[in-house]
Structures are given as structure tokens and as C-alpha cells.
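The values are calculated or read from the model by the stated rules, or taken from the named source; none is laboratory data. In this text, all values refer to a predicted model and were calculated from it rather than measured experimentally. When we count neighbours, we look across all protein chains shown, and the Cβ atoms used for this are built from the backbone with ideal geometry, even at glycine.
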Amino acid sequence: MGPPPRAAAKAETFVEGDHVVYPTHGVGKVERIAVEDIAGHRLELIHITFEENRMTLRVPVAKARSAGLRKLATRKMFDEALGVLKGRARVKRTMWSRRAQEYEAKINSGDPLAIAEVVRDLHRNAGQPDQSFSERQIYESAMDRLAAELAALDQTDKSTAAVKLAEFLKTV
């Protein structure tokens, strides 16, 4: 069950210098788009660099959409994600291992609204003595993703964005 199809299902066009979000790796930057020959096929590839882990990913333009590559969230969409943070935590009474899998899937979906749900649901326990190591790791991973996207939106760095998010959470 992926994200709901957009009303106008047109392929997004990516341009050099664009900040993009790749579901499993977070925010990256389109370095270039080039045609390359790979195993006898000519492919148009989007080269995306992820500064943080010094990684470059090459995604075929034709597969960008199915791979979940998307442009940065709009300010409006990000504000909706912040709105999610203000909601009441919805913690299911299922085993932690099952919840952890669901949280990881939400983080890896790359959807800021889903990631915000993870932050919201785990925030209450953040820094509490009863919080498990894996709970804290998942929480920090979700916060990291939101901060990276906010930083790109604000044209600032991730630590500044993380502080901004933390301040916002204090008001919740």
C-alpha cells in the first residue's frame, strides 16, 4: 500500500541543483542528469548526492517515480507535517517489534507526514528513563529525516533545523 496517487499523475521533472528526497536515504541533491550506456542499454540517469554519507545514487529517470524519488516538500506540506506533531500520540498496544517495523516503514516511505507521526508517537518518551535504545534510535532517525528536509526548505543546516524542531516540540 503505497502513497495515494496524486490527482494529476504527471512525472516530476528534476533539475540539476534540486533538493530531492529518496525514501530510504532522505534528502539529497541532484548533481546532474546524464545519458549513460549500461549493459548495452542507453539510460538517462539522475545522479543524486547525499552529503552526509558521501554517497552518490544513480536513478534512471524512467524509474525515479516508482523508486519514490520526489522533490522537497512544499512549505504547506511541511506545515501539515508540523501539524501532525501537535496531534495526540497514537501508540498501538502491539508488541514493540511489530511497532518498530511499522515506524521504520514510515521513516523509509520518505513521506514527511508519516515521519512526523513517528516523531509524535515516540516524542512523549524521548529522553525518559523507560525509553528503550531501539525506541530512541527510531525517534532520532525520524527527527533526523524531518530536520534534513526542514534544513533544505529553510536553506540552513541540519543542526539549526533540528534545534528549530526541538523548540517546536517543546510547545506541543
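The number of residues in region 130-147 being modelled with pLDDT under 95 and farther than 27 Å from ARG93 by Cα comes to 0.
Of all residues in region 12-24, count the ones that are within 19 Å of GLY110 (Cα to Cα) and either hydrophobic (A, V, I, L, M, F, W, C) or in contact with a Leu (Cβ under 7 Å, 6 or more places away or on another chain) (or both). Please lay out each step first, then the result.
Narrowing region 12-24 to residues within 19 Å of GLY110 (Cα to Cα): 12-14, 18-24.
Retained after the next criterion (residues that are either hydrophobic (A, V, I, L, M, F, W, C) or in contact with a Leu (Cβ under 7 Å, 6 or more places away or on another chain) (or both)): 14, 19-22.
Going through region 12-24 one residue at a time, the tally reaches 5.
Just one of (1) in contact with an Asp or Glu (Cβ under 8 Å, 6 or more places away or on another chain); (2) assigned to a loop (DSSP other than H, G, I, E, B); (3) aliphatic (A, V, I, L, M) fails for ALA151. It is (2). As a summary of the residue check, ARG90 satisfies the conditions (1) more than 26 Å from LEU169 (Cβ to Cβ); (2) in a loop (DSSP other than H, G, I, E, B); (3) without any contact (Cβ under 8 Å) to a residue 40 or more places away in the chain except for the one numbered (1).
Condition (residue is surrounded by 14 or more Cβ atoms within 10 Å (Cβ to Cβ) and closer than 22 Å to ASP111 by Cβ) applied to region 38-48: is it met by at least one residue? Even if it seems obvious, please write down each step before you answer.
Just the residues of region 38-48 that are surrounded by 14 or more Cβ atoms within 10 Å (Cβ to Cβ), to begin with: 43, 45-48.
Keeping just the survivors that are closer than 22 Å to ASP111 by Cβ gives 46, 48.
Yes, region 38-48 contains a residue that is surrounded by 14 or more Cβ atoms within 10 Å (Cβ to Cβ) and closer than 22 Å to ASP111 by Cβ.
Considering only residues that are surrounded by 11 or more Cβ atoms within 10 Å (Cβ to Cβ) and modelled with pLDDT under 90, look in region 95-129 and name the one that is nearest to the chain's Cα centre (by Cα). For region 95-129, the residue satisfying everything is HIS123.
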